[in-house]
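The values are calculated or read from the model by the stated rules, or taken from the named source; none is laboratory data. What you are looking at is a predicted structure, and each value in this text was computed from that prediction instead of being measured. Note that each Cβ is placed from the backbone with ideal geometry, even for glycine, and that neighbours are counted across all protein chains shown. For accessibility, only protein heavy atoms count, side chains too; no ligands or nucleic acids. Shrake-Rupley method; radii C 1.70, N 1.55, O 1.52, S 1.80 Å.
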Amino acid sequence: MGILLSKRNLKKGRVSLYLDCNIKGKRYKESLGITLEAPVSKEIRQANCAKLQLARLLRAQREIDYLHAHYWSQLPPLFHSPSEKIALAGEPSPDFFLVAIGFLNLYHQKDYRVVQAAFSYLRRFHPSALPVNHITRSFCTRFFCFLQEKLRGNTPVNYFKKFKMCLDYCVEEGLLPDNPGKGIRLPQYNDVTKEILSPKELVKLTLTPCRNPEVKRAFLFSCQSGLRWCDIQELCYKNIDFAQRHLMLVQKKVAGHSQKSVLHLHLNENAMRLLQESKGTPDDFIFTLPSHSYCLRIINEWTRRAGIRKHISFHCARHTFITSIMARGANIKTAASLAGHSSTRHTEKYIHIIDNQKRQAVDSLPDLPL
């Protein structure tokens, strides 16, 4: 067992920090989300030192959490908390939150933060120690109802699925005879939970100045191409064939587990004008963007200045693109292909929006003097 702090060199002198983990013969990498900037000034060097110290603390904490989750029952009584001593004296059932730490250390999928958030809400629902054998079907049902009260859209379902994955892990480790959450009906919401810009609002936004022109250019390009934030952020000039007006890239979100991960997209004239404002070498990023949270702040200011009162995030640009092409006659298969969806199931949720737009268009016809 080993957890090492490692570095990966990025472009322009930046360095990404991650954990190189070797747990029970399985090796995987865990991103810390910490990036050291190019040390071009004293302030940046000081910030890098602070980030590096934080990364070292996180590495040490991961190692302690793993040891605690897997060997806590074997530690001398001196190291146990009062609740753990009671558990050891009675039923030898470990605390689910300690098991969850071990599960997180072994979990290396891209939605790691979703799992963390699910356990965070479980802690809010049940603040005290939670013996694994105390988790019943009734407990699972009450926890899911709690998630539905606190969260919206598909988030409660997604969080509960991660909770059930950890329960499956408990079954595999012999801590539970079966998964008490299995069979609980989870409703799916097919509605698009993000706001969508109308054509008039998009024109208004285009004419409104933004204090960060790169954010504006990237957002408008996403409205014309449907690319996600993660793909916009890493889009390079080598991904664009300017002569053929063609874009080709591997979608980061579905890379490695979808047959439709490679996206081929024809770019319209609007998209080409947004791209050709500046050119660089093939490996250069097309957009120079701040962090995602800061980008959202800029978009919020920009939309408010344009008089748009909707809650607009960067992902709304993707939804705007898909609904726009469907409203202009693209069938569901074409829309799914242009959006990079693996099946039309993901695209079907936009149909009711188009139907509502058609209904509003008909209702907007002027009254006749009958």
Exercise. Can you name the residue in the range 116-140 that is open to solvent by 60 Å² or more (accessible area, probe 1.4 Å) and of a type outside the set (G, A, S) and is also nearest to L104 (Cα to Cα) among such residues?
Worked result: Q116
For this session: Would you mind stating whether R305 is without any contact (Cβ under 8 Å) to a residue 40 or more places away in the chain, surrounded by fewer than 17 Cβ atoms within 10 Å (Cβ to Cβ) and charged (D, E, K, R)?
Result: no
Exercise. Quick check: is even one residue across the range 19-38 loosely packed, with under 15 Cβ neighbours inside 10 Å, polar (S, T, N, Q) and in a helix (DSSP H, G or I)?
Worked result: no
For this session: Inspect the range 252-264 for any residue being in contact with a Gly (Cβ under 9 Å, 6 or more places away or on another chain), touching a residue at least 60 places away in the same chain (Cβ under 8 Å), surrounded by 15 or more Cβ atoms within 10 Å (Cβ to Cβ) and hydrophobic (A, V, I, L, M, F, W, C) and give the result as yes or no.
Result: yes
Exercise. Considering only residues of the range 311-333 that are surrounded by 14 or more Cβ atoms within 10 Å (Cβ to Cβ) and farther than 27 Å from Y237 by Cβ, which is nearest to the chain's Cα centre (by Cα)?
Worked result: I312
For this session: For residues that are loosely packed, with under 14 Cβ neighbours inside 10 Å, at pLDDT 85 or above and either closer than 20 Å to V115 by Cβ or among the β-branched types (V, I, T) (or both), tally how many sit in the range 149-200.
Result: 3
Seminar exercise, completed: Inside the range 203-234, the number of residues satisfying the requirement of being more than 18 Å from the chain's Cα centre (by Cα) and within 23 Å of H341 (Cα to Cα) is 6
Exercise. Where in the range 300-366 are there helices (runs of 4 or more DSSP H), lying wholly inside it, with at least 3 residues that are closer than 17 Å to I196 by Cβ, modelled with pLDDT of 90 or more and among the charged types (D, E, K, R)?
Worked result: none
For this session: Please indicate, with yes or no, whether at least one residue in the range 89-97 is assigned to a helix (DSSP H, G or I), aliphatic (A, V, I, L, M) and modelled with pLDDT of 90 or more.
Result: no
Problem set entry | Test set (1) more than 22 Å from S93 (Cβ to Cβ); (2) in contact (Cβ under 8 Å) with a residue 12 or more places away in the chain; (3) not basic (K, R) - T141 fails condition number | (1)
Exercise. Out of curiosity, is R113 free of Cβ contacts under 8 Å to residues at least 24 places away in the same chain, within 30 Å of A255 (Cα to Cα) and either open to solvent by 50 Å² or more (accessible area, probe 1.4 Å) or of a type in the set (D, E) (or both)?
Worked result: yes
